[in-house]
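Novice: Before we start, here is the structure in question, set down as structure tokens.
Read-outs: derived from the displayed coordinates by stated rules, not from any lab. What you see is a predicted model, and the numbers here were worked out from it, not measured in a lab. No Cβ is skipped: glycine too gets one built from the backbone with ideal geometry, and neighbour counts run over all protein chains shown.
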Amino acid sequence: MAKGYEIRAEEQGWLDSFNNYFDYQYKNNGHVLDSDFEQVRDNINYFNNMVAHGEAIELWEN
């Protein structure tokens, strides 16, 4: 089975803000396509460091 990734947020408000900031439509525990992985990972790092100032959004390997 190929590995995949899910996007997760502790609070829905953070995920809503992340989606608005980057024009995404992810749902909590939503699958991240392999072709989008690197861009989403980089956007999560940016968002957590520059907007949320903490670990608001995470990628989980499944």
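Novice: Using the charge dipole of segment 5-61 (Lys, Arg: +1 at Cβ; Asp, Glu: -1 at Cβ; taken about the Cα centre), state which of Asn45, Tyr5, Tyr21 has its Cα farthest towards the positive end.
Specialist: Result: Tyr21, furthest along the dipole toward the positive end.
Novice: Full-extension gain between Leu59 and His31, please, as 0.36 nm times their residue separation minus the C-alpha to C-alpha distance.
Specialist: My answer for the length gained is 9.1 nm.
Novice: Let me check the size of the chain from its C-alpha atoms; what are the radius of gyration and Dmax in Å?
Specialist: 10.8, 35
Novice: Provide the FRET efficiency to the nearest 0.05 for the Gln12-Asn43 pair, computing r from the beta carbons and using R0 = 22 Å. Please report the intermediate quantities before stating the final value.
Specialist: Details: r = 18 Å, r/R0 = 0.81.
After rounding to 0.05, the efficiency reads 0.80.
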